Every structure is written in structure tokens, then in C-alpha cells.
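J.: Below is a structure I'd like to ask you about.
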Amino acid sequence: MDSRFFRDAMGKFATGITIVTTNYNDEIIGMTVNAFMSVSLDPKLIAISIDEKASMYDKLQNTKKFGLSILSEDQKELAMIFARQIEKDRQKIPYIELDNIPVIDNSLAAMSCYVKDTAKAGDHMILIAEVTQINMGQGDPVLFFGGKYRSIASNKHTKSNK
């Protein structure tokens, strides 16, 4: 099977949208990630998967820590900015810190994470991280399904530039 067919099939699974952020050389960097899952309650572990071509691939393995922000439907533009689908000044993005790690302010949930283990999986690296602090917000999530951003509250959707 070809890669496009596989990608289209994976797009049939609706996911939430997260932004992974870290402070690297005194600069906050981030990327949109929808390959995220809860792994364990004791200890409190999550996992993310990062493409080896991503600009944060090596940086996350060096810093060994990151923030994870679960976006609300009114933060769809942030998802598009961090996915490089639209251009906007990232310096004006509202950050707060959890455990000295930057996260997106006013997200549905934000957490500080410290990498405990990694596993190479094809062209991706899976990072398993312990959650040290959480901040919770209000609202509905922005979803990604079939190559489009969607909302739970309505059937409105917009096509991504991917």
C-alpha cells in the first residue's frame, strides 16, 4: 500500500490537537502534535510521537522536558501557526510556565513533562514522559479528522493546508 492511502486511513481516527513546547537556548519553540496519549496513572505518564524530520526532534531529546497543551476549539489558529499552516508572530503567543516549562495559556489542559524513556518507531521517536504539574481550563476541544479541523459543538469545519 502507498503512504497516501495509509495516511488517509489514519485520518479516519479523530484526534485532539496539542502543542508541544520547550525552552531551547532561551527561546520558546513548539509544534502541533496529534500523536499523544495517556500511558499510566501510577506513575503519571504520557506519550507523544515526533517525526524525525521535525525541527524539534533533536531538541526534545536534548532538553528532556516539554510542555503539552491540549487546545480548545477557540485556539484552532494556534494549531495552524505551530503546524506552519499560517504565518504569525509566535512571540505574541500567550505562554505561562508550569514547573519552569512553557505551555499555552488558557488551553483546556496544560502539563509539564519530563522524558523518562524513548523508543524509535520507524521514522518517529516516541517520547514517554512523566507529568509533574497540570493546569486545567474550560471549553470544548478542537479536533482533527479527515485532514480538517473540526468542532464538537457544531459541524463547522475548515480545511487545513496540509
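J.: Per-residue HN-Hα couplings for region 122-139, Karplus 6.51 cos²θ - 1.76 cosθ + 1.60 at θ = phi - 60°, whole Hz, x for Gly and Pro?
T.: x, 9, 10, 10, 8, 9, 9, 9, 8, 8, 10, 8, 9, 10, 10, x, 10, x
J.: Related question: Once amide H atoms are placed 1.01 Å from N in the peptide plane, what residues at a sequence separation of 5 or more from Thr132, or on another chain, have their amide H within under 5 Å of its amide H?
T.: Amide H neighbours of Thr132: Ser112, Cys113, Tyr114.
J.: While we're on this one: Ignoring everything except DSSP H segments at least 4 long, calculate the 222 nm mean residue ellipticity for the chain; use -39,500 (n - 2.57) per segment, divide by total residues, nearest 500.
T.: Numbers: 3 runs with 22 residues, N = 162.
After summing the helix terms and dividing by residue count, I get -3500 deg cm²/dmol.
J.: Whole-Hz ³J(HN,Hα) for each residue in region 81-89, computed from phi via Karplus 6.51 cos²θ - 1.76 cosθ + 1.60 with θ = phi - 60°, x for glycine and proline: what do you get?
T.: 5, 6, 8, 6, 8, 9, 9, 7, 5
J.: Now for a separate question. If I stretch the segment between Asp105 and Asp89 completely, what's the gain in nm (0.36 nm per residue apart, minus their alpha carbon distance), one decimal?
T.: Working: separation 16, 0.36 × 16 = 5.76 nm, distance 1.61 nm.
Gain in length upon complete extension: 4.2 nm.
J.: Please say if the chain is rounded, prolate or oblate, where rounded means a/c under 1.5 for a ≥ b ≥ c the square roots of the C-alpha gyration tensor eigenvalues, and otherwise the choice is prolate for a/b larger than b/c and oblate otherwise?
T.: Working: a/c = 1.42, a/b = 1.16, b/c = 1.23.
Because its axes are fairly even, with a/c under 1.5, the chain counts as rounded.
J.: For region 24-114, which trypsin sites (Lys or Arg not before Pro) are in a loop by DSSP, counting at most 10 other Cβ atoms within 10 Å? Don't jump to the answer; show the numbers that get you there.
T.: Working: sites: Lys44, Lys53, Lys59, Lys64, Lys65, Lys76, Arg84, Lys88, Arg90, Lys92; in loops: Lys44, Lys53, Lys64, Arg84, Lys88.
Passing both the DSSP loop test and the Cβ count: Lys53.
J.: Going down the list Lys59/Lys120; Lys53/Lys92; Lys59/Lys116; Lys44/Lys64; Lys44/Lys65; Lys53/Lys120, which pairs span over 21 Å between their C-alpha atoms?
T.: Lys53/Lys92
J.: Hey, for a label at Lys53 modelled as a point 7 Å past Cα toward Cβ, could you say which residues of region 1-28 have their backbone N under 13 Å away?
T.: Zone members listed by number: 3-4.
J.: Residues with amide H under 5 Å of Tyr24's amide H, sequence separation 5 or more or different chain, H placed in the peptide plane at 1.01 Å from N; which?
T.: Ile29
Any read-out appearing in this document is the output of simple, stated calculations on the displayed coordinates, not a laboratory observation. Every value quoted in this text rests on a predicted model; they were computed, and no experiment measured them. Note that we place each Cβ from the backbone using ideal geometry, even for glycine, and neighbour counts take in every protein chain shown.
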